[in-house]
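The values are calculated or read from the model by the stated rules, or taken from the named source; none is laboratory data. Owing to the predicted nature of the structure, the values given are computational and were not obtained by experimental measurement. Note that each Cβ is placed from the backbone with ideal geometry, even for glycine, and that neighbours are counted across all protein chains shown. The protein model used for the area step is the full one, side chains on, heavy atoms only, and it has no ligands, DNA or RNA in it. Shrake-Rupley method; radii C 1.70, N 1.55, O 1.52, S 1.80 Å.
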Amino acid sequence: MEQVESTDVLIVGSGPAGTSTALHLLQQDESWAKRIMIVDKAVHPREKLCGGGITHMGANVLARLGMTIDVPSFIVREAKIVYGRYSFAFKGNPVFRIVRRDEFDHWLVQRVEQKDVAVRQGEAVLSVTTHDDYVEVKTSKSVIQAKVLVAADGSRSTIRSKLKWDDESRVARLLEILTPEEPQEHAEFREAQAVFDFTPTGDGLQGYYWDFPSYVNGEPFMNRGVFDSRARPDRPKVDLVGELRESLAERERDLDDYKLKGHPIRWFDKNGKYAIPRVILAGDAAGAD
């Protein structure tokens, strides 16, 4: 006989969307700590592909929760937008900051755990069944019956897949590499600058190439990558690897020298479907704008 547990709110996914959901509920009423459960197939700290930029909007959300970012970060004071020989820059103090997502996400999980919310890591969702009064989620360790299910399990949301969510596919693509650098050789480090290069749109890319300065375990690295929104899915797909290779070559870097990583990103559409009775999508499962 399988163990059956009950909770008011089950959050699947312990990234920023899942932990933010829990933290906002707790801000309204701390007694909710015993009414919330978070499960995630991953174990923190875990790798997460992302440029790692936290904008003013993200910082403001944290501030309203009474939190300040307490992990290593790179303060960006200038964002440079490039297209061919044209460029435009805007400055701020900061414009945004760059974190490593494994460190930032783990920090958020620890803040939630400190508030006595159960965060169960290394527990994968196997099936989801909706009922009139609850949602039943079978995991690799138990069966959980929840009054509300929050699917905060990323672009490749298992919950959305298991429920055969009736909504259009809106998937962007990204490739990313990390290159060790000498900070004094790059304006990105010297001038605290992040670069968004839209020149590849001339080749049909629906996005940009980026250079973000960052630190990995205290060592300077450039987070470099290419983003293709696919906002116009009717247009031909661009060779993403080729675009990244070409952009790197312009910066005297050879793609073959680095570990290439890729991941889809679901993008947001105001006309999308984000909830059904007792189930709601959050974060990348719903879409990133």
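Within segment 22-73, the set of residues being in a loop (DSSP other than H, G, I, E, B) and farther than 30 Å from Ser127 by Cα comprises Asp29, Gly51, Gly52, Thr55, Leu65, Gly66, Met67, Thr68, Ile69, Asp70, Val71, Pro72.
Of the residues in segment 79-90, none is open to solvent by less than 20 Å² (accessible area, probe 1.4 Å), out of contact with any Phe, Trp or Tyr (no Cβ under 6 Å at 6 or more places or on another chain), β-branched (Val, Ile, Thr) and in contact (Cβ under 8 Å) with a residue 60 or more places away in the chain. Selection of segment 215-230 for residues being closer than 18 Å to Asp197 by Cβ and modelled with pLDDT under 95 yields only Ser229. A single member of Ser161, Ser214 is of a type in the set (S, T, N, Q) and within 17 Å of Leu49 (Cβ to Cβ), and it is Ser214.
Yes/no matrix, rows are residues, columns are (1) surrounded by 14 or more Cβ atoms within 10 Å (Cβ to Cβ); (2) in contact (Cβ under 8 Å) with a residue 60 or more places away in the chain; (3) small (Gly, Ala, Ser); (4) touching a Lys or Arg at 6+ places or on another chain (Cβ under 7 Å):
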{"site": "Pro94", "(1), (2), (3), (4)": "yes, yes, no, yes"}
{"site": "Glu113", "(1), (2), (3), (4)": "yes, no, no, no"}
{"site": "Val119", "(1), (2), (3), (4)": "yes, yes, no, no"}
{"site": "Thr129", "(1), (2), (3), (4)": "no, no, no, no"}
{"site": "Ala152", "(1), (2), (3), (4)": "yes, yes, yes, no"}
{"site": "Asp166", "(1), (2), (3), (4)": "no, yes, no, yes"}
{"site": "Ile177", "(1), (2), (3), (4)": "yes, yes, no, yes"}
{"site": "Pro180", "(1), (2), (3), (4)": "no, no, no, no"}
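Among (1) in contact with a helix residue (DSSP H, G or I) (Cβ under 6 Å, 6 or more places away or on another chain); (2) more than 30 Å from Glu136 (Cα to Cα); (3) in contact (Cβ under 8 Å) with a residue 12 or more places away in the chain; (4) surrounded by 17 or more Cβ atoms within 10 Å (Cβ to Cβ), which single condition is Ala282 missing? All conditions are met except number (2). Restricting the first member to segment 257-277 and to residues that are among the acidic types (Asp, Glu), and the second to residues that are in a loop (DSSP other than H, G, I, E, B), the beta-carbon pairs closer than 7 Å and six or more apart or on different chains are Asp269/Arg170; Asp269/Gly287. Here is the figure for segment 4-46: residues that are in contact with a helix residue (DSSP H, G or I) (Cβ under 8 Å, 6 or more places away or on another chain), crowded, with 24+ Cβ neighbours inside 10 Å and over 15 Å from Gly154 (Cβ atoms) total 2.
Out of all the residues in segment 197-210, is one or more touching a helix residue (DSSP H, G or I) at 6+ places or on another chain (Cβ under 9 Å), open to solvent by 40 Å² or more (accessible area, probe 1.4 Å) and part of a helix (DSSP H, G or I)? Checking segment 197-210: at least one residue is touching a helix residue (DSSP H, G or I) at 6+ places or on another chain (Cβ under 9 Å), open to solvent by 40 Å² or more (accessible area, probe 1.4 Å) and part of a helix (DSSP H, G or I). Within segment 131-150, restricting attention to residues that are open to solvent by less than 40 Å² (accessible area, probe 1.4 Å) and not hydrophobic (A, V, I, L, M, F, W, C), the residue that is nearest to Arg46 (Cα to Cα) is Thr139.
Scanning segment 241-289 for residues that are on the phi > 0 side of the Ramachandran plot and assigned to a loop (DSSP other than H, G, I, E, B) yields a count of 3. Within segment 213-232, the set of residues being part of a strand (DSSP E or B), among the charged types (D, E, K, R) and buried (at least 19 other Cβ atoms within 10 Å of the Cβ) comprises Arg224, Asp228.
When you check Ala192 against the structure, is it at pLDDT below 95, farther than 19 Å from Cys50 by Cβ and open to solvent by less than 30 Å² (accessible area, probe 1.4 Å), yes or no? Spelling it out, it is not the case that Ala192 is at pLDDT below 95, farther than 19 Å from Cys50 by Cβ and open to solvent by less than 30 Å² (accessible area, probe 1.4 Å).
Quick check: anything in segment 113-124 under 20 Å from Trp165 (Cα atoms) and either under 23 Å from the mean Cα position of the chain (by Cα) or of a type in the set (A, V, I, L, M, F, W, C) (or both)?
yes
The number of residues in segment 154-164 that are assigned to a loop (DSSP other than H, G, I, E, B) and either surrounded by 16 or more Cβ atoms within 10 Å (Cβ to Cβ) or in contact with a His (Cβ under 9 Å, 6 or more places away or on another chain) (or both) comes to 5.
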